[in-house]
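Student: Quick one: this structure, given as structure tokens, is what I'll be asking you about.
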Amino acid sequence: GRPKRDCDKFLKLHGIDHLFDVCVVMEDGPPKPDPFPVLRALELMGVDPSKSVVMVGDTPDDIRAAVNCGCRGVGVSTPENAKVCEEDGRAHDTCALSVAMKECGADFVMKPAFE
């Protein structure tokens, strides 16, 4: 989790702030891997935790939080990790961080969308 200030800055910087109805930040409660951030976001949206809910994250703790509250976890490789794998001639989801996310229960790990 990040502070609210950092969350707002990131979303605005990338022009995606309008895509998020709710944000749960570090000031709101226990951090991941505790399932609190995922459960609180679902509560604010009026959604029950289930396997039809997908939490997308870039750390093993993100995936653990999703799995621990009964949701699905999908990983995203960080640009840095994807680049290292690319330079080594390996798939983006073979780096240590991606493997760790899969070991924590990620359904799969996607390539990063931007740098």
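Student: Using the alpha-carbon atoms, what tilt in degrees (0 to 90, nearest 10) does helix 36-45 show relative to the longest principal axis of the chain?
Tutor: Here the helix axis deviates by roughly 60 degrees.
Student: Roughly how tilted is helix 4-13, in degrees to the nearest 10 and between 0 and 90, from the longest Cα axis of the chain?
Tutor: Computed tilt is about 60 degrees.
Student: If you don't mind, another one. Dividing the convex hull volume of the Cα atoms of the chain by its residue count, what figure in Å³ per residue is obtained?
Tutor: Per residue, the Cα convex hull of the chain comes to 97 Å³.
Student: In a GNM of the chain with a 10 Å cut-off on Cα contacts, which of Arg72, Arg90, Arg40 has the highest mean-square fluctuation?
Tutor: Arg90
Student: With springs only between Cα atoms under 10 Å, which of Val84, Val54, Val38 fluctuates most in a Gaussian network model of the chain?
Tutor: Val84
Student: If you project the alpha carbons of the range 18-58 onto their three principal axes, what span does each projection cover, largest first, in Å?
Tutor: 25, 24, 21
Student: Considering only lysines 8 or more places apart in sequence, or on different chains, count the pairs in the range 1-114 whose C-alpha atoms sit under 21 Å apart.
Tutor: 9
Student: Considering only Ala96, Cys85, Val54, whose Cα is most displaced toward the positive end of the charge dipole of the chain, charges sitting on Cβ of Lys, Arg (+1) and Asp, Glu (-1)?
Tutor: Result: Val54.
Student: With a 1.4 Å probe and all protein chains left in place, how much accessible area per residue does the chain have, in Å²?
Tutor: For the chain, the per-residue accessible area is 63 Å².
Student: Right, another one. When the accessible area of the range 15-66 is computed with all protein chains present and a 1.4 Å probe, what percentage of it is carbon and sulfur? Don't skip to the end; give the middle numbers.
Tutor: Numbers: 1760 of 3130 Å².
Ligands and nucleic acids excluded, carbon and sulfur reach 56 percent.
The values are calculated or read from the model by the stated rules, or taken from the named source; none is laboratory data. These numbers come from a predicted model, not from an experiment. Glycine gets a Cβ as well: all are built from the backbone with ideal geometry, and neighbour counts include every protein chain shown. Just so you know, the surface numbers come from the protein's heavy atoms only, side chains and all, with ligands and any DNA or RNA stripped out. Shrake-Rupley method; radii C 1.70, N 1.55, O 1.52, S 1.80 Å.
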